[in-house]
Every structure is written in structure tokens, then in C-alpha cells.
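> The structure's right below; bear with me while I get my questions together.
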Amino acid sequence: MTLIVLKFFHYLAIIFAGGVLVGGGLIQSVFARSNQVPDKTIGKVLKILGYLGLASLIILWITGILLSNLIYGGFSINTAFTIKITAAAFLLIISFIVNIHVYNSSKNNQSPKKSIMKFSTMSARGLIIVVLFGAAIAFS
Ligand code: HEM
């Protein structure tokens, strides 16, 4: 039963993290393409999406650590798994940095730096692909 609950929350968090990447990325690219900066309301939506992404990653880590220990007795599973959690660690760090940057910018009534937002969105997209390939190979 514990395993089922942990897996369920691992998968639920994947849906949320993916939704944030796709939805947030789409909003940002539409604004960037039309050379506009998101207004306050859309800025709020992006901020909430950022928090949701971070919360999902934290849930992925908590459930992932518990699953690894319960099923495999630790993190020495295989190379693909090591690559998967390394990429997941970078995702977590990026999400923390972006959330802190967005929080500080909105506190100072400034819009977040375009370069930081673009770099983090692009790398997060790449990293999630690495994590998913890693998971597919590690547990095949
Ligand atoms: C962005 C973060 C993550 C994503 C997108 C992700 C994705 C996935 C996916 C798709 C699976 C299913 C694979 C399968 O059953 O064939 C899975 C399973 C698993 N994940 Fe993650 N994961 C993430 C983070 C983590 C972390 C940080 C850990 C450990 C520290 C972890 C540990 C595990 C374990 C142990 C399983 C296998 C459970 C089993 O054998 O059924 N995951 N993950």
C-alpha cells in the first residue's frame, strides 16, 4: 500500500511539473514572440506556476528517495538512474533560483530578467527529457 501511494504521488507530481513547464513556457514564448512583457495578472499566474513547479519537484524528491530506499535499498541502482537523479537535482536547483529571482523582482516592482527566464526554461525542458529517458532506461 505504501508503495502504491508513493508511486501515485510520484506520478501526480510529474503531471504537475510537466504542466508547469508546458503552460509556463507557452505563456512566456507567446509574450516573447510578440515582444511584450506579461502584465501584472499574467505575472501572478507565472509566479504561481513557478511555486507549483518547485512544490512538484520537492514531492518528486521526497517520494523518489522513499521509493529508491523501499524498492532498491538505496541509490545505487544503475547508471541511467544516477543520470536521472543528477538531472533532477539540476532541475530542483534551477527551480529554486528562478523562484527566488521572480520573488525578488516582484518585491522590487521589476519584471524578471529575460535572460534568466529564457535560460532556465530552455535548460529545464532539456533536463526533464534527460530525467524521463533516464527513468525509462533505468527501470526497463
Ligand atoms: C523531475 C523529477 C523526476 C521525474 C520526471 C521522474 C519520473 C519518473 C518516472 C516516469 C518513473 C516511472 C518509471 C517506470 O516505472 O518505468 C519514475 C520512477 C521512479 N523514480 Fe522518479 N522521477 C523524478 C525524480 C526522482 C527522484 C529525485 C528520485 C530519487 C531520488 C526518483 C526515484 C524513482 C524511483 C525509485 C522510481 C521507480 C519506482 C519503481 O521501481 O516502480 N525519481 N520516476
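Just so you know, all these numbers are worked out from the coordinates, no wet-lab data involved. Note that the structure is a prediction, hence the values are computed from the model and not measured. With ideal geometry, Cβ positions are generated from the backbone for all residues, glycine too; neighbour counts draw on all protein chains shown.
> Can you tell me which of 73-84, 8-19 comes out highest on packing, and rank the rest after it, using the mean Cβ neighbours within 10 Å?
Per-residue Cβ counts within 10 Å, averaged per peptide and sorted highest first, yield 8-19, 73-84.
> Nearest 10 degrees, 0 to 90: what angle lies between the long axis of helix 2-33 and the longest principal axis of the chain (Cα atoms)?
Value to nearest ten degrees: 30.
> If I model a spin label at residue 15 and residue 48 as a point 7 Å from the Cα along the Cα→Cβ vector, what separation in nanometres do I get?
Placing both labels 7 Å along Cα→Cβ, they lie 1.8 nm apart.
> A further question follows. Over the chain, what relative contact order in percent results from Cα pairs under 8 Å that are six or more residues apart?
This gives 30 percent for the chain.
> Something else about it: Taking a 28 Å limit on the Cα-Cα distance, which of the listed pairs 7/114; 7/84; 84/118; 40/118 fall beyond it?
Beyond 28 Å between Cα atoms: 7/114.
> In degrees, nearest 10, range 0 to 90: what is the angle between the Cα axis of helix 79-107 and the longest Cα principal axis of the chain?
That helix lies at roughly 30 degrees to the long axis.
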